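The values are calculated or read from the model by the stated rules, or taken from the named source; none is laboratory data. Because the structure is a prediction, the values reported are computed rather than measured. Positions of Cβ are generated from backbone atoms using ideal geometry, with glycine treated the same way; all protein chains shown enter the neighbour counts. For accessibility, only protein heavy atoms count, side chains too; no ligands or nucleic acids. Shrake-Rupley method; radii C 1.70, N 1.55, O 1.52, S 1.80 Å.
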Amino acid sequence: TNFKHSYSTLSTFETCPRQFYEKFVAKSIKFVQNEAAKFGSQGHDEIDKFFKHRQPFTMKFLEPTALSVLKSAGDAVIETEKELGIAEDKTPSSFWDGKLRGKLDLFYKPKDDRGIIIDWKIAKKKDFTLELSVFKLLSYLNDPELQKIRTGLFWLKPGHEAPPTITTTDRSELPELEDTIFKKMETVEDCIKLGDFEPKKNFLCRGWCDVVDCEYNTGKK
């Protein structure tokens, strides 16, 4: 299979193989942004334009965090919406050609062997361990200089403020990252080859899932 993997495809598969099939294989579900998603997209867009062009914020609650990150980065080159990809043999590739690919909200290197990954979460606080694992794996495999990576999840939705979630990893953890992510990719591809996408009951079944004909979808939020 020539399937392209990402955090989104892997996390959707873990949530429910049937939903994964409809979204990424059959492509029967048309993506429609709800109001929460639109709000998040606007926030990401404003942060991106601030770091690239110093465009002022209209969503003022984002400004203090952005200014804090800018000050912390100092003279380091800040990259936003950084696209990374790796080939099946784990060598660097373009984003679009990557067997595994991801887009980092913000990245900079305070030192040649140190990397900072920041991900803006304009939503309620929840676990994004898998997403950060994908980002760290892609960063290490694309930059042999990197020895340590610090990741920061910044929770920015008004009314749901929380301290940033900071984690640190070093290159010695790369084999574990590779093993974890590539095993997940292999599981997905095995199911694609077999056409086996059994639905899995989860919190989205209460009317939040777009697979409306699934036996577990109650249609009630």
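Of the residues that make up the range 143-151, is at least one closer than 30 Å to residue 60 by Cα, of a type in the set (A, V, I, L, M, F, W, C), crowded, with 16+ Cβ neighbours inside 10 Å and within 14 Å of the chain's Cα centre (by Cα)?
Checked the range 143-151: no residue is closer than 30 Å to residue 60 by Cα, of a type in the set (A, V, I, L, M, F, W, C), crowded, with 16+ Cβ neighbours inside 10 Å and within 14 Å of the chain's Cα centre (by Cα).
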For the range 67-107 the number of residues that are in contact with a Lys or Arg (Cβ under 7 Å, 6 or more places away or on another chain), farther than 12 Å from residue 142 by Cα and small (Gly, Ala, Ser) is 1
Which numbered condition trips up residue 163, out of (1) at pLDDT 90 or above; (2) within 25 Å of residue 63 (Cα to Cα); (3) in a strand (DSSP E or B)? (1)
What do you reckon, is residue 210 under 26 Å from residue 39 (Cβ atoms) and either more than 20 Å from the chain's Cα centre (by Cα) or surrounded by fewer than 13 Cβ atoms within 10 Å (Cβ to Cβ) (or both)? yes
Cβ-Cβ under 7 Å pairs, at least 6 apart or on other chains, the range 188-199 side more than 14 Å from residue 16 (Cα to Cα), far side among the polar types (S, T, N, Q) and in a loop (DSSP other than H, G, I, E, B): 189/1; 193/1
Name the single residue that is least open to solvent (accessible area, probe 1.4 Å) among those in the range 11-35 being farther than 17 Å from residue 194 by Cα and outside any helix (DSSP H, G or I). 29
Hey, could you check the range 87-110 for residues that are touching a helix residue (DSSP H, G or I) at 6+ places or on another chain (Cβ under 6 Å) and in contact (Cβ under 8 Å) with a residue 60 or more places away in the chain and say which is surrounded by the most Cβ atoms within 10 Å (Cβ to Cβ)? 102
Which residues, taken from the range 185-221, are under 30 Å from residue 87 (Cβ atoms) and in a helix (DSSP H, G or I)? 185, 186, 187, 188, 189, 190, 191, 192, 193, 194
Only unsatisfied item for residue 40, checking (1) open to solvent by less than 50 Å² (accessible area, probe 1.4 Å); (2) in a helix (DSSP H, G or I); (3) in contact with a Phe, Trp or Tyr (Cβ under 7 Å, 6 or more places away or on another chain); (4) over 30 Å from residue 2 (Cα atoms), is (3)
